[in-house]
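One structure below.
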Amino acid sequence: MSISDRWPFSPKLNRALERVERRHFIPQKYQDEAACDHPLPIGYGQTISQPSLVAYMTEELGLSQGARVLDVGTGSGYQTAILAELCDEVYSIEVVPALAMSARKRLDSLGYKNIRFRIGDGHAGWPEAAPFDAIVVSAAAERVPAPLLEQLAPDGRMVIPVGPPAGDQRLLRFENTGDGTEERELLGVRFVPLIHS
């Protein structure tokens, strides 16, 4: 079953999903589940999300040619790789040093040249590289980090899960209209928490 059976994705995104093989981004002991549409542990209390949700979040960013994107929560680098297939520049932040370093090594070995990496607190974003055409956050913030909204370019979008670690979380999309920020609720979700360093 294709992951696009759950939600319809653009042809461009479908091609990116085909090029990025999830098996490269999960531990060896879970290789038999690489093609399954569910989250998997990647160590350090973190997970790789199910492919359909990664694709859905990416599609909701509304990426255009030449986009510059901030990826908060590098994890194993799966979401990062999909963004790198679609965008000119990806800035990726991970708070767990071991995950950040292994993701960088993995993505370098796969030939990606358009990704910049940082070890740090994703709540703060990457202010000196802002503004971004899109921001995607792969862990749940208890409240929307103001610095991330401030780093959105005009017409830029951010997709972020928001809610308590053990409670109801909502996937939200924010769009910078130039006159303010429009918020839209997308889905109920369950993510690991966005960690403060």
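Data table
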read-out: Pairs of Cα atoms farther than 24 Å apart, the stretch 3-189, %; value: 32 percent
read-out: Rel. contact order, % - alpha carbon contacts under 8 angstrom, at least six apart, the stretch 1-160; value: 20 percent
read-out: Exposure proxy order (Cβ contacts within 10 Å, fewest to most) of E142, E175; value: E142, E175
read-out: Range in the chain, longest, excluding exposed trypsin sites (Lys or Arg not before Pro) [loop by DSSP; at most 13 other beta-carbon atoms within 10 Å]; value: 1-112
read-out: Charge dipole (the stretch 3-189, unit charges on Cβ, about Cα centre) - positive-most of P145, Y30, G125; value: Y30
read-out: Cα centre as origin, Lys/Arg/Asp/Glu Cβ charges: the chain dipole, Debye; value: 640 debye
read-out: Alpha-carbon gyration tensor eigenvalues x 5, square-rooted, for the stretch 135-191, Å; value: 21, 11, 8
read-out: The stretch 3-189: antiparallel DSSP beta bridges as a percent of all, rounded to 5; value: 45 percent
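Bear in mind that the values in this text are calculations on the coordinates, not laboratory data. Keep in mind the model is a prediction, meaning the values are calculated, not measured. No Cβ is skipped: glycine too gets one built from the backbone with ideal geometry, and neighbour counts run over all protein chains shown.
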